[in-house]
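Please treat every number below as a calculation from the coordinates, not as lab data. Note that this is a predicted model, so its numbers are computed, not measured. Every residue, glycine among them, receives a Cβ derived from its backbone with ideal geometry; neighbour counts consider all protein chains shown.
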Amino acid sequence: MRYAIVLSLLIGAHAGAVFAFDQAAFLKRCEEERPKEIARMEKSIRTLAIDRAAMAKGVIDKGVEESTAGGLPGQPSRWAFHSKEVKATTIKKADQEIADAKKWLAGLKDKTILAAPIIKGGQPVDDYSISIGIPPERLMVGDAGRWLYPEVHIDQVISNTEVICRNGFPFLLRGVDTSKMVDDGVTPMADLYEVTGTYKYETVDGGSKQIIVLEPLKLDYPAAKK
């Protein structure tokens, strides 16, 4: 989703560190970040609306494979689409993104959604390049945060509660119902996760690989129970 600025990671202070997750401190920081995240989301919605309006003015160009957007920095994008059908589909997706973003904003305002800050070195930081989808060597036990992407690829179902997934890098997803999952399929991701450990497994070439373990983060907070 293009408004993924709100999907952030709580990250430890330095590589190799192990942190115990502090729920009370996490929720306190969430509330401290709420006004900032509301402002960021409102800005994101305005940007999406401008982009959507530019799409509506987009031209049909058979030379474009699917769709393309260009233009000067700070100016509305100039869109071109391969066909009317592609244009309609792209606009429909943009409308859904705007609707989802507005729903998220409403949840932030009525406090049914957590405003999860990015924590680095124990302090909130304004670095939205950090997400839980970053390389595993930068993740540590005790890190927790929102997952950036709505779904991930399934490499291998291990048990009825464990599955090896991949989103640029492999990881073990534990504590989930795998009864409807299949190898080489996809699975939707929930909201908040915690890095709880590592998992070592044998690879097809006879070697072994160690990956991080993610588990759904259980919080005593209304939004986490929905």
Just rank THR198, THR187, fewest to most, by other beta-carbon atoms within 10 angstrom.
THR198, THR187
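Let me check I've understood the local charge: for THR68, count other residues with C-beta under 11 angstrom from its C-beta, Lys and Arg +1, Asp and Glu -1. What total comes out? Numbers along the way, then the final one.
On the way: positive: ARG78; negative: ASP61, GLU65, GLU66.
Computed value for this residue: -2.
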Convex hull over the alpha-carbon atoms of the range 45-101: what's its volume per residue in Å³?
68
Going by how many other beta carbons lie within 10 Å of each one, how would you line up MET140, MET189, fewest first?
MET140, MET189
Step through the residues of the range 96-110 one at a time and calculate ³J(HN,Hα) from phi using the Karplus curve (6.51 cos²θ - 1.76 cosθ + 1.60, θ = phi - 60°), rounding each to whole Hz and writing x for Gly and Pro.
5, 4, 5, 4, 5, 5, 5, 5, 5, 4, 4, x, 5, 6, 8
